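Contents: one structure, followed by commentary.
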Amino acid sequence: MFFKQLFSTSACQHTKAWMIKHVSDPYVRRSVKENYRARSAFKLIEMNDMHQFLQPGHTVIDMGAAPGAWSQVLVKQVNARVEKQKKITSTNEFVHRTNPDLKCGTVIALDRSPIFEIPGVHIIDDWNLTADTTSDCNKRLQALLNRLKTEQVDGVLSDMCPNVTGCKAIDQSAIAALQHQAFDFARRLLKPNGYFLCKLFQGHETFQDLRSLLESLFGAVHVIKPSSSRSESSELYLLALEYRPDATNRPINVSDNQNENTRVETNRHEIERLINEARRVRTKNKDK
Ligand SMILES: C[S@@+](CC[C@H](N)C(=O)[O-])C[C@H]1O[C@@H](n2cnc3c(N)ncnc32)[C@H](O)[C@@H]1O
């Protein structure tokens, strides 16, 4: 009787439909069973199964980490046991031998929303990407990196998503702007050969801009729609592998004498220049 009344209004009908969809979702069920905080864990697992970029011993930054499902996956992957292959030449067979060494990596989870503790993960949950680089949260991040003696990282992942408005064009450009900023942040910290993974909504210019920019700076860029991503969502992931910093794409040195504001401004101009360059190459290729 109570539930009949509860679900009688149209808003409640909507909630009921959402609950039925949610409960019958196989990835939601699996996330409960496997103790992940969100179904998004399976997107990262799937992308890593395809390209195996997460390796034992890696240092990885997870941006927009709340509630923490990706960090849960990361902490398992970077602390995994290393499997070594040994060839026995005389019999021409391969045997797998488990190395008893457990390689320890580092996971840093950043978000503007609270993240409950995850064993083995360093959390800064009052961090906002759009905050000034001299802000408290960025000072805390710098202090954490210093304490971990980590000047550069193997990978930066960004599953960040701004509040969606429902208007496609606005949402597409808002997420693209956020991910451009995420990459600007990532390139200061990425090691040569490092990786960058980010979420975007499929859309013409903004999506292509970031893709071309990454293509010009990484050895390989993959566009991925994981099967665990809802089919009605236009989200896609760009996975950029083999970062190639060169003279024009120098990661910003943390101990640089330059004033912080000048450094951010220079970096912004550099990103704009690279986008324009990528657009020019794209137009030239189209004309061919
Ligand atoms: C889709 S959720 C991430 C889910 C996460 N990958 C997981 O598996 O649990 C997107 C997150 O991006 C964060 N976010 C959006 N804009 C941000 C910003 N400017 N700075 C920091 N975090 C941001 C939101 O707070 C939200 O927690």
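If you go through segment 55-108 and keep only what is within 12 Å of the ligand (Cβ to nearest atom) and either at pLDDT below 55 or in contact with a Pro (Cβ under 8 Å, 6 or more places away or on another chain) (or both), you end up with just ALA66.
Hey, among the residues in segment 220-232 that are among the small types (Gly, Ala, Ser) and open to solvent by 40 Å² or more (accessible area, probe 1.4 Å), which one's farthest from GLN55 (Cα to Cα)? Here the answer is SER231. Among residues of segment 160-195 being aromatic (Phe, Trp, Tyr) and under 20 Å from ARG112 (Cβ atoms), the one that is least open to solvent (accessible area, probe 1.4 Å) is PHE183.
Of all residues in segment 41-53, those that are open to solvent by 20 Å² or more (accessible area, probe 1.4 Å) have Cβ atoms under 6 Å from Cβ atoms of residues that are assigned to a helix (DSSP H, G or I), 6 or more apart or on another chain, in ILE45/VAL73. The residue of segment 155-171 that is farthest from the ligand (Cβ to nearest atom), among those that are free of Cβ contacts under 8 Å to residues at least 40 places away in the same chain and part of a helix (DSSP H, G or I), is ALA169. Please indicate, with yes or no, whether at least one residue in segment 206-218 is open to solvent by less than 60 Å² (accessible area, probe 1.4 Å), more than 27 Å from ARG39 (Cβ to Cβ) and not in a helix (DSSP H, G or I). Scanning segment 206-218, I find at least one residue that is open to solvent by less than 60 Å² (accessible area, probe 1.4 Å), more than 27 Å from ARG39 (Cβ to Cβ) and not in a helix (DSSP H, G or I), so the answer is yes.
Candidates in segment 109-123 are the residues that are farther than 17 Å from ALA182 by Cα and assigned to a strand (DSSP E or B); of these, the one that is farthest from the ligand (Cβ to nearest atom) is HIS122. Of everything in segment 233-248 that is assigned to a loop (DSSP other than H, G, I, E, B) and within 24 Å of ASP184 (Cβ to Cβ), the residue that is most open to solvent (accessible area, probe 1.4 Å) is ARG244.
The values are calculated or read from the model by the stated rules, or taken from the named source; none is laboratory data. These figures come from a predicted structure and were not determined experimentally. FYI the Cβ positions are ideal-geometry reconstructions off the backbone, even for glycines, and counts take in every protein chain you see. Heads up: the accessible areas ignore ligands, DNA and RNA and are worked out on the full protein's heavy atoms, side chains in. Shrake-Rupley method; radii C 1.70, N 1.55, O 1.52, S 1.80 Å.
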